[in-house]
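K.L.:
There's a structure below that I have some questions on.
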Amino acid sequence: MGASTHQDFLQCLSLRSNDSTSISNVIYTRNNSSYSFVLESTIRNLRFNSTDTPKPLVIITPSRTSHFQATIYCARKHGLQIRTRSGGHDYEGLSYVARVPFVVVDLVNFRSVDVDVENRVAWVQAGAILGEVYYRIAEKSRTLGFAGGIYFTVGVGGHISGGGFGLLFRKYGLACDNVIDAQFIDVNGRILDRKSMGEDLFWAIRGGGGGSFGIVLAWKLKLVPVPATVTVFSVNRTLEQNATQLILRWQEIAHQLPDEMNPDVTMLSVNSTQDGRKTILASFSSLFLGTIDELLPIMQQRFPELGLSTQDCSEMSWIESVLYFNQLQNQPLEILLNRTFRTSVGGQYYKIKSDYVKEPISETALNGLFSRLSDEEASSAFIIFMAYGGIMDRIPEDATPFPHRAGNLYKIYYDVNWQEQDNVNSQKYIDWSRRVYNYMTPFVSKSPREAYANYRDLDIGSNNVGITSYRQASVWGRKYFKNNFDRLVQVKTKIDPQNFFKHEQSIPPL
């Protein structure tokens with residue numbers, strides 16, 4: 001890619017923009033002193049921030065719609081790929097890394113949140129983070145929420161594009177299930193809403209994965225009622241304290257607990273207090289949309305083995321529960337507005353995988369998983385079982401591209417992470433995650449072995465650089481989308497037949 005293309009692209013931008021000074025303020029080239037700061041500001045997985053990670057030729061942070069239109073036009077004209085970034089939590093870095101000459105469109109300036117309490121809706125620009133959405137809702141009402149994710153620095157654009165799993169999903173579904181309109185820009189620079197884009201495209205952008213169809217500029221969200229008081233609890237048990245039996249029981253009942261709960265269990269290796277040897281700690285936690293007095297009888301009836309007591313529970317507002325699950329209990333709510341906040345949970349370098357479970361896993365199989373969590377590479381790894389059921393059993397598989405609905409007991413989230421000083425050994429951690437994933441094959445969903453598109457994982461298949469074939473894309477596409485994959489391909493063929501919007505796991509046109 002010669003410097004001339006790069007210059008031609010920049011010149012094209014200023015010519016295409018009705019107001020060339022406004023666009024020059026949002027362009028960062030590699031010789032701009034702020035380039036690295038803007039690029040690195042939301043790189044969440046530092047695996048993709050090394051000297052040999054491919055960097056964009058240009059970063060554009062549009063402040064108005066015409067900037068998107070100019071960027072798409074000029075990138076097409078000069079053969080550059082576009083990667084769109086809203087929060088930077090893409091687990092494989094696809095929103096800011098490409099193996100071909102590319103530009104990054106960063107939505108950091110597109111982040112207004114307009115809450116209408118009376119009609120229980122909000123228009124949210126795609127560059128807002130979840131924390132900004134939650135904070136702006138709470139400013140106006142403590143009894144409305146949005147069914148989005150837990151980590152508050154996640155960008156709304158990508159989160160909803162891939163489904164959007166969070167604390168309220170067993171009661172109200174995913175983020176993508178609670179979208180009622182969108183503002184979208186296509187490959188020809190047209191600005192479309194639900195009515196002008198049509199129901200097929202509107203269906204596809206709500207869960208079909210980001211970066212395949214165009215750029216979502218804003219979402220119109222349905223806000224959901226939450227009680228003034230919610231309850232959270234966390235109960236920790238080691239293997240010596242009967243954790244295995246509790247997990248076996250949890251698998252039987254968690255998906256049948258009331259929709260107002262979102263039970264999960266996190267497993268990690270710790271040193272035993274008794275003798276300092278390694279053991280596994282299982283942490284059983286949940287949000288409950290109600291009071292402690294309402295929760296305890298339910299748990300005593302359905303899961304008495306856990307022995308949940310008043311001491312294990314805390315009452316708070318829904319917005320405070322967001323802080324609680326981010327391990328920021330005593331922080332002011334304003335921390336939710338901090339876009340660049342880095343959580344202390346785990347390392348800054350990580351590899352994530354996912355699975356879906358249809359039948360309870362046996363004690364023998366669990367013991368095999370625990371022994372792998374005791375490996376040296378797993379010292380800061382953890383695995384979470386997240387219960388399904390609730391409304392997810394009642395939403396049809398084809399309602400949105402996200403297909404993992406009825407028939408799932410729970411989802412598994414595998415997280416291996418490490419610190420900077422150990423990044424030279426990153427391969428051994430990634431290999432560990434692949435070994436665990438291979439070990440789990442007999443116990444999880446089959447043909448396809450399902451995965452969650454927002455826990456992006458290039459190990460399950462990817463498109464070749466520059467070439468997106470239907471056959472190759474089907475390999476990972478069916479894992480993420482099951483039978484909805486073919487409908488996504490049809491929408492892609494209609495909206496972007498030349499396959500301008502693409503990446504390693506983008507939907508191919510026919």
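K.L.:
Checking Ser34 against (1) open to solvent by 30 Å² or more (accessible area, probe 1.4 Å); (2) in contact (Cβ under 8 Å) with a residue 60 or more places away in the chain; (3) touching a Phe, Trp or Tyr at 6+ places or on another chain (Cβ under 7 Å): exactly one of these is not met. Which one?
P.N.:
(2)
K.L.:
While we're looking at this one, here's another question. Only residues that are buried (at least 17 other Cβ atoms within 10 Å of the Cβ) and either without any contact (Cβ under 8 Å) to a residue 12 or more places away in the chain or on the phi > 0 side of the Ramachandran plot (or both): list them for the stretch 486-502, please.
P.N.:
The one that is buried (at least 17 other Cβ atoms within 10 Å of the Cβ) and either without any contact (Cβ under 8 Å) to a residue 12 or more places away in the chain or on the phi > 0 side of the Ramachandran plot (or both): Asn499.
K.L.:
So which residues in the stretch 461-475 are part of a helix (DSSP H, G or I) and crowded, with 20+ Cβ neighbours inside 10 Å, if there are any at all?
P.N.:
Ala473
K.L.:
Quick one: would you say Ile384 is under 18 Å from Asn454 (Cβ atoms), outside the structural domain of Leu201 (by the TED database) and not in a helix (DSSP H, G or I)?
P.N.:
Answer is yes for this residue.
K.L.:
Quick test for you: out of Gln183, Gln274, pick the one residue that is of a type outside the set (Val, Ile, Thr) and either within 30 Å of Gly368 (Cα to Cα) or modelled with pLDDT under 95 (or both).
P.N.:
One residue alone meets the criteria, Gln274.
K.L.:
Quick test of your reading of the structure: Thr51 fulfils all but one of (1) touching a residue at least 12 places away in the same chain (Cβ under 8 Å); (2) open to solvent by 50 Å² or more (accessible area, probe 1.4 Å); (3) farther than 21 Å from Arg111 by Cβ; (4) among the hydroxyl-bearing types (Ser, Thr, Tyr). Name the failing condition by number.
P.N.:
Among (1) touching a residue at least 12 places away in the same chain (Cβ under 8 Å); (2) open to solvent by 50 Å² or more (accessible area, probe 1.4 Å); (3) farther than 21 Å from Arg111 by Cβ; (4) among the hydroxyl-bearing types (Ser, Thr, Tyr), Thr51 violates only (1).
K.L.:
Could you grab me the full set of residues in the stretch 67-96 that are at pLDDT 95 or above and either touching a Ser or Thr at 6+ places or on another chain (Cβ under 6 Å) or not assigned by the TED database to the domain that holds Val26 (or both)?
P.N.:
Ala70, His78, Arg83, Arg85
K.L.:
Further, regarding this structure: Go through Gly477, Gly461, Gly466 for me and flag whichever is out of contact with any Lys or Arg (no Cβ under 8 Å at 6 or more places or on another chain) and closer than 23 Å to Phe48 by Cα.
P.N.:
Of the residues listed, the single one that is out of contact with any Lys or Arg (no Cβ under 8 Å at 6 or more places or on another chain) and closer than 23 Å to Phe48 by Cα is Gly466.
K.L.:
If I go through the stretch 285-299 residue by residue, how many of them are open to solvent by 10 Å² or more (accessible area, probe 1.4 Å) and of a type in the set (Ser, Thr, Tyr)?
P.N.:
2
K.L.:
Related question: Just for the stretch 353-380: of the residues that are in a helix (DSSP H, G or I) and open to solvent by 50 Å² or more (accessible area, probe 1.4 Å), which one is farthest from Lys446 (Cα to Cα)?
P.N.:
Among them, the one singled out is Glu376.
K.L.:
Another question about this same structure. Take the conditions at pLDDT 95 or above and open to solvent by less than 40 Å² (accessible area, probe 1.4 Å) and apply them to Ile60. Does it pass?
P.N.:
Yes; evaluated as a whole, the condition is true for this residue.
K.L.:
Exactly one condition in (1) modelled with pLDDT under 95; (2) open to solvent by 30 Å² or more (accessible area, probe 1.4 Å) is false for Arg44; which is it?
P.N.:
Result: Arg44 fails condition (2) only.
K.L.:
So which residues in the stretch 199-222 are farther than 27 Å from Lys77 by Cβ, surrounded by fewer than 23 Cβ atoms within 10 Å (Cβ to Cβ) and touching a strand residue (DSSP E or B) at 6+ places or on another chain (Cβ under 9 Å)?
P.N.:
Phe202, Lys220, Lys222
K.L.:
Identify, by number, the condition in (1) under 29 Å from Arg47 (Cβ atoms); (2) part of a helix (DSSP H, G or I) that Tyr455 doesn't meet.
P.N.:
It fails just one condition, (2).
K.L.:
Restrict the check to the stretch 391-407 and report whether at least one residue is assigned to a helix (DSSP H, G or I), touching a residue at least 40 places away in the same chain (Cβ under 8 Å) and open to solvent by less than 60 Å² (accessible area, probe 1.4 Å).
P.N.:
yes
K.L.:
Name the single residue that is modelled with the lowest pLDDT among those in the stretch 300-348 being open to solvent by 70 Å² or more (accessible area, probe 1.4 Å) and part of a loop (DSSP other than H, G, I, E, B).
P.N.:
Ser344
K.L.:
OK, next. How about the stretch 274-298: which of its residues are assigned to a loop (DSSP other than H, G, I, E, B) and free of Cβ contacts under 8 Å to residues at least 24 places away in the same chain?
P.N.:
Within the stretch 274-298, Asp275, Gly276, Arg277 meet the criteria.
K.L.:
Only one residue in Tyr452, Tyr429 is among the aromatic types (Phe, Trp, Tyr), surrounded by 21 or more Cβ atoms within 10 Å (Cβ to Cβ) and in contact with an Asp or Glu (Cβ under 6 Å, 6 or more places away or on another chain), so which one is that?
P.N.:
So the residue among Tyr452, Tyr429 that is among the aromatic types (Phe, Trp, Tyr), surrounded by 21 or more Cβ atoms within 10 Å (Cβ to Cβ) and in contact with an Asp or Glu (Cβ under 6 Å, 6 or more places away or on another chain) is Tyr429.
K.L.:
Might you let me know whether the stretch 411-425 holds any residue that is assigned to a helix (DSSP H, G or I), assigned by the TED database to the domain that holds Trp250, touching a residue at least 40 places away in the same chain (Cβ under 8 Å) and within 23 Å of Asn262 (Cα to Cα)?
P.N.:
Within the stretch 411-425, not a single residue is assigned to a helix (DSSP H, G or I), assigned by the TED database to the domain that holds Trp250, touching a residue at least 40 places away in the same chain (Cβ under 8 Å) and within 23 Å of Asn262 (Cα to Cα).
K.L.:
Same structure again: Residue under question is Gln69, and the condition is that it be in contact with a Gly (Cβ under 8 Å, 6 or more places away or on another chain), of a type outside the set (Val, Ile, Thr) and open to solvent by 10 Å² or more (accessible area, probe 1.4 Å); does it hold?
P.N.:
For Gln69, the condition - in contact with a Gly (Cβ under 8 Å, 6 or more places away or on another chain), of a type outside the set (Val, Ile, Thr) and open to solvent by 10 Å² or more (accessible area, probe 1.4 Å) - is met.
K.L.:
Residues that are outside the structural domain of Leu287 (by the TED database) and farther than 29 Å from Arg30 by Cβ, at least 3 per element: which helices (runs of 4 or more DSSP H) completely within the stretch 97-205 meet that?
P.N.:
Once the helices (runs of 4 or more DSSP H) in the stretch 97-205 are filtered for at least 3 residues that are outside the structural domain of Leu287 (by the TED database) and farther than 29 Å from Arg30 by Cβ, what remains is 130-140, 169-172, 194-197, 199-205.
The values are calculated or read from the model by the stated rules, or taken from the named source; none is laboratory data. Owing to the predicted nature of the structure, the values given are computational and were not obtained by experimental measurement. With ideal geometry, Cβ positions are generated from the backbone for all residues, glycine too; neighbour counts draw on all protein chains shown. The protein model used for the area step is the full one, side chains on, heavy atoms only, and it has no ligands, DNA or RNA in it. Shrake-Rupley method; radii C 1.70, N 1.55, O 1.52, S 1.80 Å.
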